[in-house]
Amino acid sequence: MKIPKRIQPLVDEGLVDEVLRPLMSGKEADVYVVRCGDDVRCAKIYKEAEKRSFKQAVQYREGRKSRNSRRARAMEKGSKFGRNEQENSWQNAEVDALFRLAYAGVRVPQPYGCFDGVLLMELITDDQGYVAPRLNDIILTREQALEQHQSVMKDVQRMLCVGIIHGDLSEFNVLLDSKGPVIIDLPQAVDAAANNNAKRMLERDVNNMTRYYGQFAPELLTSKYAKEMWALFESGKLNPESELTGEFKESTKAADVESVLAEIEAAFDEEQERKERIREAEEG
């Protein structure tokens with residue numbers, strides 16, 4: 001097939017030998033299957049900022065630091081240079097997160113590097129060698145749902161232990177290979193310690209996955225893994241070996257009504273976005 005313009009420099013540099021076929025086209029990126037030597041991999045081409053539709057991106061960028069003070073100032077001012085640096089930061093966030101998470105034992109695609117807005121990474125396949133399906137396309141037994149939910153909760157725990165929250169985790173961002181769930185799509189990864197929205201995003205990630213698996217194993221719907229994880233994280237007691245129960249005793253302290261209303265409003269917006277994604281997936 002014709003080589004996409006953004007991948008051509010990787011072919012010229014010998015990083016990619018052949019573009020085999022398009023894999024998917026999304027709101028944030030286009031993904032191609034490519035051959036690199038004897039290996040078949042993915043090439044994820046990030047769309048330019050004005051062509052993306054990821055909502056409330058500022059919430060996700062909060063807490064991301066630039067090591068270069070000039071770049072940081074430019075990003076804050078929103079100059080042309082700053083916008084370019086912000087775009088580079090957005091693109092590099094995923095590859096940085098993937099390297100950290102793979103090292104921490106989280107089931108994510110193995111990254112090979114990001115080159116001018118093109119991320120090369122492992123192609124996740126099923127046991128027959130075909131591209132692994134997304135979780136939202138799968139029907140599970142109760143036993144499979146319980147086992148996979150436990151696996152995803154463990155990976156979310158490992159992520160939190162290295163200070164990362166996915167920020168957009170749902171059945172649409174999880175693939176299923178022969179060994180179980182694989183978490184994908186991390187350009188919006190959140191810094192758990194530096195982002196004021198971290199707790200809410202963790203709860204949303206966990207609740208999205210629990211809601212999905214709860215279709216097949218309803219007993220999961222009463223679990224409170226996010227609250228349990230966050231309480232341990234805040235107290236400095238969370239580690240990869242922590243045994244989670246899914247149980248959490250709520251505080252009886254008087255609620256901050258304004259904060260509760262803000263959370264309800266945010267949850268409503270997120271639910272509308274989730275329904276939109278389901279509709280688009282069904283239409284696609």
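Which far-off residues, 5 or more places away or on another chain, put their amide H under 5 Å from the one on ILE164, with H placed in the peptide plane?
Sorted by chain and number, the residues that satisfy this are ALA192.
Viscosity 1.002 mPa s, temperature 20 °C: what is the translational diffusion coefficient of region 155-230 from Stokes-Einstein with a Kirkwood Rh over Cα pairs, rounded to a whole number of µm²/s? All intermediate terms of the calculation are to be shown ahead of the outcome.
Details: Rh = 12.8 Å.
After rounding, the answer is 167 µm²/s.
So what's the net charge close to SER178: Lys and Arg +1, Asp and Glu -1, counting the other residues with Cβ under 13 Å from its Cβ? All intermediate terms of the calculation are to be shown ahead of the outcome.
Numbers: positive: ARG107, LYS179; negative: ASP126, ASP127, ASP177.
Counting the neighbours of SER178, the net charge comes to -1.
Taking the beta-carbon count within 10 Å as an exposure proxy, list ASP38, ASP155, ASP17 from fewest neighbours to most.
Arranged by neighbour count, lowest to highest, ASP38, ASP155, ASP17 become ASP38, ASP17, ASP155.
With a cut-off of at most 16 other beta carbons within 10 Å, and DSSP calling the residue loop, which chymotrypsin sites (Phe, Trp or Tyr not before Pro) in region 100-194 qualify? Please list them. Walk me through the numbers on the way to the answer.
On the way: sites: TYR103, TYR112, PHE115, TYR130, PHE172; in loops: TYR130.
Sites meeting the loop and neighbour criteria: TYR130.
Which shape class, rounded, prolate or oblate, goes with region 86-233 when its Cα gyration tensor gives a ≥ b ≥ c as root eigenvalues, a/c under 1.5 marks rounded, and past that a/b bigger than b/c marks prolate? Please list the in-between numbers first.
Values: a/c = 2.08, a/b = 1.15, b/c = 1.81.
Because a/c hits 1.5 or more and a/b fails to exceed b/c, region 86-233 counts as oblate.
Using the Cα gyration tensor of region 103-180, with a ≥ b ≥ c the square roots of its eigenvalues, what is the shape: rounded (a/c below 1.5), prolate (a/b larger than b/c) or oblate (neither)?
Numbers: a/c = 1.98, a/b = 1.22, b/c = 1.63.
Oblate shape, in that a/c is at least 1.5 and b/c is the bigger or equal ratio.
Just so you know, all these numbers are worked out from the coordinates, no wet-lab data involved. The structure presented is a predicted model; accordingly, all values stated were derived computationally and were not measured. We place every Cβ from the backbone using ideal geometry, glycine too, and count neighbours over all the protein chains shown.
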